[in-house]
Amino acid sequence: MLSGPLAHAYWVPARTEHLLLHKGITSRPQVNCRTFFLPAAYSSPPSNGGGFSRPGTLAPAGTEQPGTAHMDWMQQYLAAFSRTSMAAEPSDLEATGSVGAAMQRRPQAVSVDEYLVAAGGWGKFQNRLFATMFLHYACISFDWIMAAFLAPALGAQWGLTLPQQEMIASSWFVGGLIGFLLSGFSADTLGRRPSMLAFGVLHCFGAVFTCAAPSLPLLLAARILTAIGTIGAFNMTYPLLAEFSPPSERAVIKKRMGLNWQCGVVALVVVAYQLRSFPWQALSLALVPACSFGVLWLFRGLPESPRFLLVKGRHAEALESLRVVASSNGRLYDCEHLRLAAPSKDGDDGKGVSSTIPTSGPMALLASGQLGRTLALLTLNLVASCTYYGLTFAPVASLGTNLYLCQLTATLLEIPALLLISPLANQLGRRFALISFLGVFACASVALTRIPVSATQLRLAAVLVGRMSGSA
């Protein structure tokens with residue numbers, strides 16, 4: 001063993017010699033090279049030019065003479081190597097820059113939400129999916145509010161009384177209740193895509209039957225059928241968009257959907273005004289081409305939810321669906337090593353211990369500690385929905401203003417509320433934002449009951465403020 005002043009030892013690996021020859025950096029192997037040692041006192045060349053060369057140099061055997069210029073093999077190798085094609089092919093460690101980054105390229109189990117974040121969040125795929133559903137969702141809002149224009153037209157042409165006119169809107173909500181109940185079960189059993197397509201087709205048939213209804217009972221039956229398809233598709237639009245989007249974008253999705261909804265209502269007002277002198281069937285018939293085209297577009301570009309596929313045990317299909325998302329967003333390389341973790345079973349707390357508290361299903365909403373919150377939210381939604389749609393379908397004649405102007409103004413006033421609710425909830429919290437808009441909504445509703453019937457402008461203002469705050 002060497003010790004004492006011999007402090008530095010350098011040698012050339014055999015692989016370096018072979019690599020230099022193989023890559024054409026040198027025309028012959030570097031022979032007669034051997035390990036040599038430099039005393040610590042000669043760690044740098046002396047100023048007088050004598051002694052050994054600096055550490056890291058080699059000299060052929062028998063030629064180590066003071067003052068001789070020796071080859072710095074490391075500098076020569078790197079300089080020559082940088083001019084070859086191998087320099088353009090960095091290893092995984094060189095490409096990532098650290099061992100920890102290279103370890104991330106190994107297969108890694110993640111959740112669907114984590115995969116969507118790695119796939120670029122809201123990107124080209126999500127924009128294309130939203131565009132695919134845009135027309136059909138606008139048709140849903142068109143048909144939803146159509147009773148506000150259909151009832152007065154039928155009252156004038158069929159001689160219907162005011163209670164009979166209001167039955168048209170009421171029958172719609174009866175069908176909507178059935179659609180809500182069926183769509184949840186169908187989406188969790190058959191899948192989001194087939195269920196939404198089936199409800200979309202049912203919506204188209206209902207619109208056709210509405211045009212052909214010769215009497216009020218058949219018209220009410222057609223409206224119930226239409227509502228089942230419309231509300232069923234409506235109930236799956238947001239979940240499908242949310243299951244293809246990262247958690248941070250799901251509040252923004254509601255704002256985009258709200259603006260999409262207002263586009264459909266504005267189109268309804270414009271079409272209803274243009275067809276006001278035609279028979280009542282013309283308004284319903286105008287919806288059929290747009291609705292049919294929207295459903296056909298869904299058949300072409302609507303994917304299945306990766307979360308549904310994963311829950312049903314179809315792991316390969318779920319992963320392939322997410323890889324399509326990553327590829328469309330230009331992040332496929334970043335997600336190549338990601339794999340989907342198996343979903344936890346109901347009643348499992350994640351530690352392999354079964355829990356008696358249900359984690360999903362209707363019973364989870366009624367569990368201990370959750371019952372009060374569930375009842376409060378159900379009551380809140382019931383009161384808000386009754387009041388909002390009461391204002392929407394209220395007879396405009398009682399307000400002493402134009403039907404089309406009232407609906408158009410109310411629709412346009414709902415847009416600022418939709419744009420305001422998202423940043424307000426992010427800055428001040430969802431609870432404060434909800435209480436604020438509900439307070440304005442309640443004040444407008446109470447004011448409407450106190451304003452005399454003769455003050456038509458004040459009553460109209462109360463209706464508009466109530467609809468604006470209630471929509472948020």
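Listing for the model above:
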| quantity | calculated |
| --- | --- |
| Fully extended contour minus Cα-Cα distance, from residue 404 to residue 127, at 0.36 nm per residue | 96.5 nm |
| Karplus-derived HN-Hα couplings along the range 404-411 (A = 6.51, B = -1.76, C = 1.60, θ = phi - 60°), whole Hz, x at Gly and Pro | 5, 5, 5, 5, 5, 5, 5, 5 |
| With every protein chain in place, the range 250-301: carbon and sulfur % of accessible area (1.4 Å) | 69 percent |
| For residue 338, distant residues with modelled amide H under 5 Å away | 108 |
| Computed label-point distance, nm, for sites residue 438 and residue 327 using a 7 Å Cα→Cβ extension | 4.7 nm |
| Residues residue 178 and residue 386, FRET efficiency given R0 of 25 Å [Cβ-Cβ distance, rounded to 0.05] | 0.85 |
| Potential extension, residue 457-residue 185 segment - 0.36 nm per residue separation minus Cα distance | 93.3 nm |
| Fully extended contour minus Cα-Cα distance, from residue 164 to residue 413, at 0.36 nm per residue | 86.7 nm |
| Accessible area in square angstrom per residue, the range 117-242, 1.4 angstrom probe | 37 Å² |
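The values are calculated or read from the model by the stated rules, or taken from the named source; none is laboratory data. Everything quoted here is computed from the prediction, not taken from an experiment. Glycine also receives a Cβ, built like all others from the backbone with ideal geometry; neighbour counts cover every protein chain displayed. Keep in mind that these areas ignore ligands, DNA and RNA; they rest on the heavy atoms of the full protein, side chains included. Shrake-Rupley method; radii C 1.70, N 1.55, O 1.52, S 1.80 Å.
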